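Beneath this line is the structure, given in structure tokens, with notes to follow.
The values are calculated or read from the model by the stated rules, or taken from the named source; none is laboratory data. Since the structure is predicted, the reported quantities are computational estimates derived from the model, not experimental observations. Note that we place each Cβ from the backbone using ideal geometry, even for glycine, and neighbour counts take in every protein chain shown. With ligands, DNA and RNA removed, areas are computed over all heavy atoms of the protein, side chains included. Shrake-Rupley method; radii C 1.70, N 1.55, O 1.52, S 1.80 Å.
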Amino acid sequence: MTYNITDKNSDILGLLLEAKEQGITLFLEDGRVRLKVKEGVELSDDFLKQLKEKKERIQQFLESEVGQYQDIRTSYIKNEIKPYDRNSNAKIPLSYAQERLWFIDKLQGSIAYHISGVMRIKGKLDIQLLNEALKLLINRHEALRTVFRDDDGIGYQHVMKSDDFQLTHVTKLSENTNIADFIDKTTSQAFDLANDYMLRATIVQENEESHVMILVLHHIASDGWSLPIVISELETYYQHLRDKTPVNLPPLPIQYTDYSIWQRNYLSGTILEEKLAYWKEKLQNAPVLNLPTDYVRPAVKSTEGALHRFKIDATTTAKLNKITNTNGATLFMTLLSAYKILLYRYTQQTDITVGTPIANREQEEIAGLVGFFINTIVLRNQLNTNEDFNSLLQQVKQTCLSAYTHQDVPFERIVDHLAVERDQSRSPLFQTMFIFQNTEEIGEMNLGESSVETVATTHTTAQFDLLFTAMETASEIAIHIEYVTALFKEETIARIAKHFENLLKSIADHADDSISNLAMLHTDEKAQLLNDFNATTVEYPQHETILSVFAKQVAERGNATALVFEEEKLSYQQLDARSNQVANYIVSKGVKANDFVPICAERSLEMYIGILGILKAGAAYVPIDTNNPVERIEFIINDINAEVVLTSSTQSELFNTIEKEILHLDQLEAEQLSSEAVAVTIVPSQLAYAIYTSGTTGLPKGVKNTHSGLLNRLFWMRNDVNITEKSVLLQKTPYVFDVSVWELLMPLITGCKLVIAKPEGHKDPVYLQNTIEKHQVSLVHFVPSMLAVFIETVEAEKCSSLQNIICSGEALPVQLVKDFKATFTNTSIHNYYGPTEAAIDVTAINLTNNDYEVTIPIGKPVANTNIYIVGDDMQLSPIGVSGEILIGGIQVSEGYINREVLTKEKFIESPFKTGERVYKTGDIARWLSDGNIAYIGRKDDQIKLRGYRIELGEIT
Ligand code: AMP
Ligand code: MG
């Protein structure tokens, strides 16, 4: 029988359900709504008030839907659990839940499934009586004396007598043991499920008047609802034995074994099929929750855990209760909705699945039993971040209500039915749990005239990545987070707790604001991310351009060697003169500021002179790979609307069909061009270069970069790796990659010497080693994959002139850095990161004195650059949480050539600083607490192939 929740009654169902959970029954008598409250349950004023407010609706509901209400009851009556025939010899099957735990125990042990209660008893304690009382208790509840045996791989239950039960009496702890350690040891001592009683009691005598009692139950025989039963009945028996008081316990009509048999029978055939179909529809293809972790996830799930506690203040709690009531929901539903938002913010996943335990003790006859009844239900929701919190709460409420009506399907059956792929590193179907508890776990206990108090124990296990338990206390909400210590650091969990608290506060005040506007970060935290981590403002010559700075080098060290290529050399003076010739040619063809001039030449002095010539003419240079097919060359030349093309006579056949002015750089003399400087003014905001990225077969896009961005990048790096006129740089990166831009132009601002590698030389480690040795090169760039080949091939001593190695372009592996440091003991290694769209690199880190074990960070933002890491809703991702990198600051490019739509999409107004443009990189990363950034991957399917950016979507 299914209980249909309709919109008509949804406003009070939450209330009714909460009432039911609290042990309150609502019914009609003489046309009036009446309450029946279970003994011991205290009604809060708040809850009563809510009931009164909704009195009329409850009455209507009970009147109109009473038929259905009764139907549920009859369906249970029909499925009444009866005792099985004790004389039969049939083996008693395990309940589904027991079976799963039994398998887990065999596979990896089950210490994480111990349930313990630790109490200090002050005053007289009769240990003999206590032992007898425990025996009576164990005798009463078969589950506590049931063991699990194996019949050809199939488990069955065997019920023992309680006769042999014996508590452990420890009269004195050994010298070096303190009580806390002893409790830890005792609670984590494994059970032998085939032979042990499922309850273990240890009494430690501290002195005549003080004992510590450690009760440990195995979850296979109990659950959170069982513990209070154990405590209260133990008390009853003890008093009975001591004072000869009568035992006032109701008889137990059935035992756990009856329940197991009933469950196997009832939950079979069509009933099971229908119920499983429900869960299958709800949970099919539920994605794994990818919580960001501090450590690499172990291949096999670790269950070592710890606990973090915090509180939600009374004001917020009151507001949350109000929202709950207006929505006709329960506080659990409200907190769960908030938890889902938290998880969304942490994972960027909108399809969120969370587990929650459910008592699963609907039938009267099992209410008083000790046993493993608790079931887990899985609550899945799709978050729409444009909706407000109230809408999400309504959605979560419906999910909960319909899940409650299917709660009796054992979780393990659902897992089997969905054929969830087994992954030993995570729990199946859901990875985090949220529990709402109405009361503290263990009630008061009273043993004769002795006083008993609960002893807080350290928490050492965790079954899920994260487990939130919320409890409503007098006016606040107390929450604790149990977490896996192999995944998270304590500081991370503390931050998560703070974020949950902030989120709840924000919800309390803005339940009708869209989810994406809810604030999770504290103001201080925001300031840290926006300001402290981005404190990059540095003076640099803003009014200069690369050419005005170069002019100074020429004036100061005209005769110094600027370029070396094979056997050839050029001084600064010569370079100046030769590039003037190119500039004169270009200017004579009418090229103006911000025009593009393509250059297609192999690595050579001419190539260099060509590039500098273009810059001097006030144009932006556009490098074209000499290996490109003619169609691609034509595409670029048309895209940039080129008037003039610079190439060399060896490449001339590529341009046979192109009707443009062509200058062969190797035949400059023949042109009889002037070496005088051209009279062109160049301003910093002007374009300096455009580089085409992505797709060898798709349409590439040209990225426009300015002089100011470039100059900032060069000056920043000059300081970062201390480049002086004494430095020797190697230019080996093909000029279609923007790394080549700093390699090429760094001499212009520093006066250093640049050694230009021969064409193809960049691929040959031995050639590189010889070149480094011959010219005493001090700085080289490598993409990580190439560096790996390099250190494997070369002799480090021959490269002793190397002071710095720069890596960039792709993720730098931890091992590679280790290998490098081991071989090149006198060379610093740096990791730089940046897209072509932001003048080469925007973050950097020197790894010389930093060892990283998990990932090598890409470092901190460079000078005059802002890095923001944001979620899809443009909210700042806190430390540790992944998001997309946005780049702001001086280096951000002007956009793409002729791609207005794409430019608008990728270059947006900064959400954090007025007037700032930011570039959306599509790179996913997260902040580390020291202000460095860890790179994670791509948002899209762009890949890097030997440093070359390829957008897979563009391949046709
Ligand atoms: P490009 O425009 O060719 O410089 O490519 C830029 C892209 O390369 C970035 O958006 C990243 O995806 C990747 N990338 C660059 N540097 C690094 C790095 N140090 N670590 C990881 N990925 C990087
Ligand atoms: Mg780059």
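For Ile840, the amide hydrogen comes within under 5 Å of no other amide hydrogen, counting only partners 5 or more places away or on other chains and with H modelled in the peptide plane.
A straight chain from Arg557 to Leu43 at 0.36 nm per residue would run longer than the Cα-Cα distance by 176.1 nm.
For the range 135-284, the antiparallel share of DSSP beta bridges with both residues in that region comes to about 80%. Computed extension gain for Asp873 through Thr823, at 0.36 nm per residue and net of the alpha carbon distance, reaches 13.5 nm.
The calculated FRET efficiency for Leu173 paired with Leu249, based on their beta-carbon distance and R0 = 35 Å, is about 0.50. Taking amide H atoms as placed 1.01 Å from N in the peptide plane, the amide H of His510 has no partner under 5 Å among residues 5 or more positions away or on other chains.
Centre-to-centre, using Cα atoms only, the range 348-382 and the range 477-492 are separated by 22 Å. Normalised by residue number, the volume inside the convex hull of the Cα atoms of the chain is 211 Å³ per residue.
Taking 7 Å steps out from each Cα toward its Cβ at Ala318 and Arg57 produces label points 2.3 nm apart. Counting other Cβ atoms within 10 Å of each Cβ, which trypsin sites (Lys or Arg not before Pro) in the range 341-442 have at most 13 and sit in a DSSP loop? Loop-located and lightly packed - Arg422.
Could you grab the relative contact order for the range 307-459? Cα pairs under 8 Å, six or more apart, rounded to a whole percent. Dividing the mean separation by the residue count of the range 307-459 yields 23 percent. Residue by residue, the range 561-566 carries 3J(HN,Hα) couplings of 6, 9, 10, 10, 9, 6 Hz when phi is fed to the Karplus relation 6.51 cos²θ - 1.76 cosθ + 1.60 (θ = phi - 60°); x denotes Gly or Pro.
The simple Förster model, with R0 at 41 Å and r as the Cβ-Cβ distance, assigns Glu421 and Ala535 a FRET efficiency of 0.35. Computed from the Cβ-Cβ distance with R0 of 25 Å, the FRET efficiency linking Val766 to Glu567 stands at 0.85.
For a straight C-alpha distance cut-off of 24 angstrom, the lysines reachable from Lys498 (same-chain residues fewer than eight places away being disregarded) are Lys311, Lys319, Lys322, Lys340, Lys489, Lys526. According to the Cα-based calculation, Rg over Rh for the range 601-713 is 0.96, with Rh computed by the Kirkwood formula. With the simple spin-label model, which puts each label point 7 Å out from Cα in the Cβ direction, the Lys311 to Asp930 separation comes to 3.7 nm. Solvent-accessible area per residue in the chain equals 43 Å², computed with a 1.4 angstrom probe and all protein chains kept. Of the residues Asp46, Asp408, the one with the largest accessible area comes first in the ranking Asp46, Asp408, computed with a 1.4 Å probe on protein heavy atoms. Scalar couplings 3J(HN,Hα) for the range 203-216, obtained by applying the Karplus form with A = 6.51, B = -1.76, C = 1.60 to θ = phi - 60°, are 10, 9, 8, 8, 7, 3, 9, 9, 10, 10, 9, 10, 9, 10 Hz; x denotes Gly and Pro. Surface calculation, 1.4 Å probe, protein heavy atoms: Phe464 sits at approximately 20 Å² accessible. What the phi angles of the range 408-420 give under the Karplus curve with 6.51, -1.76 and 1.60, with θ = phi - 60°, is a coupling list of 7, 6, x, 3, 5, 5, 5, 4, 4, 5, 7, 6, 5 Hz, glycine and proline written as x.
Entry note, the range 866-939: relative contact order of 32 percent, from Cα contacts under 8 Å with a spacing of 6+ residues. Note on exposure: Thr827, Thr523 ranked by accessible area (1.4 Å probe, complete protein assembly) read Thr523, Thr827, with the most exposed listed first.
Model label sites at Asn207 and Thr724, defined 7 Å from Cα along the beta-carbon direction, differ in position by 7.4 nm.
For the chain, the relative contact order works out to 9 percent when only alpha carbon pairs closer than 8 Å and six or more residues apart are counted.
Using the rule -39500 (n - 2.57) for each DSSP H run of four or more residues, divided by the residues of the chain, the 222 nm mean residue ellipticity is -10500 deg cm²/dmol. With a 1.4 Å probe and all protein chains left in place, how much of the accessible area of the chain comes from carbon and sulfur atoms, in whole percent? Carbon plus sulfur share of accessible area: 47 percent. Using heavy atoms of the protein chains and a probe of 1.4 Å, the accessible area assigned to Lys763 is about 120 Å².
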